[in-house]
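Engineer: So that we are looking at the same thing, I have put the structure below in structure tokens.
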Amino acid sequence: MFEKPSQQLNVLKQCKKNSLSLWQCPQFLFMIMGIFIIITLVSSYAIGTRFLSDPALIALIDIGITSVLLTISYITTRSFERMAEASRMKSEFINIVSHQLRAPITNIKWITEFLTSDDIEMTEEKRDEYFSHLRENNDRMVELVDELLIVSRIEEGSLPVRKKESSLEELIRMQIERSLVYAEASNIKLDLHIDNNLPMAFFDTTLIKLVVENLIDNAIRYTKKGGRIEVFLKRKDKYLLFKIKDQGVGIPEKDQQFIFQKFFRSENALREQTKGSGLGLYICKNVIEKSKGKIWFQSKEGEGTSFYFLLPID
């Protein structure tokens, strides 16, 4: 348990510091269970020595009681740990979502006030510019809400995967076509390399489109002006292999283990002040895995990143 009373006080202080009730603090609960087990063992030993004369039988009873209490203690503590973690994640989730929505909502508020104000005169060109910013912020909020809905379905295990025979090549070409304007506006070259005679595959076109869209969007977003992005598609055994290689900021080695976690964004991505919710790669990973595929990446900070995924043909 705790060797010194000061350690017990530290546990209580930590629980209060984290704004948790005592029952939401697994360390405190473990301490209480430990005290309860000690009291129970002393009591059972005292009762045993009073009514039983065989020391071996008394020891056996104590061992049995200890085993049962330790098992109950472990199960109870683990349950409260999960509850405390769920509470912490809920608070973190609300904080992050609030932060993500605050910026576009504030922008929309100020732009609307400018556009509806009678005291401010503006040219038609300036008015169109404000409307453009208004649409951009609205799209940003819609995108975040859509991502949150998908994440919610993933965690509930209710994300539907409706597979049908489709062409991954056609889907990728379509997404590349839609991204060309964005890439050209950033002076980024976007090259496509697709092997001939690729087979059709069974997958959910809506979900895989979301994956491809996210990976292409990330590559453009993190590649500096004048850079180059290459997209590859080929067959590998019973799979189709997708690869996208950029010349972006790369992912620091210390951040690479967290890259598929919810809301995670690496330090250099934040430093570049690129927009993003930190949900895209989490969604990509879950969609590919639910499609019986595999996703991974290779990256070096300052040199770029390559993302890969395998999608089964059958």
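Engineer: Considering only residues that are in contact (Cβ under 8 Å) with a residue 24 or more places away in the chain and more than 15 Å from the chain's Cα centre (by Cα), which ones fall in the range 149-159?
Structural biologist: LEU159
Engineer: All but one of (1) modelled with pLDDT under 75; (2) out of contact with any Cys (no Cβ under 9 Å at 6 or more places or on another chain); (3) not basic (Lys, Arg) hold for GLU136; which doesn't?
Structural biologist: Answer for GLU136: the failing condition is (1).
Engineer: Continuing with this model, one more query. Does at least one position in the range 145-164 carry a residue that is in a helix (DSSP H, G or I), touching a strand residue (DSSP E or B) at 6+ places or on another chain (Cβ under 9 Å), within 28 Å of GLY304 (Cα to Cα) and not small (Gly, Ala, Ser)?
Structural biologist: no
Engineer: Which numbered condition trips up GLU213, out of (1) assigned to a strand (DSSP E or B); (2) without any contact (Cβ under 8 Å) to a residue 40 or more places away in the chain?
Structural biologist: (1)
Engineer: Can we say LEU171 is part of a helix (DSSP H, G or I) and in contact (Cβ under 8 Å) with a residue 12 or more places away in the chain?
Structural biologist: Numbers: part of a helix (DSSP H, G or I): yes; in contact (Cβ under 8 Å) with a residue 12 or more places away in the chain: yes.
Considered against the rule, which asks whether it is part of a helix (DSSP H, G or I) and in contact (Cβ under 8 Å) with a residue 12 or more places away in the chain, LEU171 comes out as yes.
Engineer: While we're looking at this one, here's another question. So which pairs qualify, if the first residue must be in the range 237-263 and in contact (Cβ under 8 Å) with a residue 12 or more places away in the chain, the second must be charged (D, E, K, R) and buried (at least 19 other Cβ atoms within 10 Å of the Cβ), the Cβ gap must be under 7 Å, and the two must be at least 6 apart or on different chains?
Structural biologist: PHE260/LYS285
Engineer: Just name the residue that is surrounded by the most Cβ atoms within 10 Å (Cβ to Cβ) out of those in the range 184-200 that are over 14 Å from LEU215 (Cβ atoms) and of a type in the set (A, V, I, L, M). Show your work before the answer.
Structural biologist: Looking only at the range 184-200, we keep the residues that are over 14 Å from LEU215 (Cβ atoms), and these are 184-189, 191, 193-200.
Subset that is of a type in the set (A, V, I, L, M): 185, 188, 194, 198, 200.
Numbers: ALA185: 10, ILE188: 23, ILE194: 14, LEU198: 15, MET200: 14.
So, considering only residues that are over 14 Å from LEU215 (Cβ atoms) and of a type in the set (A, V, I, L, M), the one surrounded by the most Cβ atoms within 10 Å (Cβ to Cβ) is ILE188.
Engineer: Here's something else I'd like to know. Do we have VAL181 as surrounded by fewer than 11 Cβ atoms within 10 Å (Cβ to Cβ) and either among the β-branched types (Val, Ile, Thr) or modelled with pLDDT of 90 or more (or both) here?
Structural biologist: Judged against the criteria, VAL181 is a match.
Engineer: Identify the single condition in (1) assigned to a helix (DSSP H, G or I); (2) modelled with pLDDT of 90 or more that LEU190 does not satisfy, given that it satisfies every other one.
Structural biologist: Checking LEU190 against (1) assigned to a helix (DSSP H, G or I); (2) modelled with pLDDT of 90 or more, the one that fails is (1).
Engineer: Across the range 47-65, what is the total count of residues that are within 21 Å of ILE32 (Cα to Cα) and modelled with pLDDT under 75? Spell out how you get there, then give the answer.
Structural biologist: From the range 47-65, those within 21 Å of ILE32 (Cα to Cα) are 62-65; that's our starting set.
Keeping just the survivors that are modelled with pLDDT under 75 gives 62.
Count: 1.
The values are calculated or read from the model by the stated rules, or taken from the named source; none is laboratory data. Just so it is clear, the model here is predicted, and its values are computed rather than measured. Please note: Cβ atoms are built from the backbone with ideal geometry, for glycine as well, and neighbour counts cover all protein chains shown.
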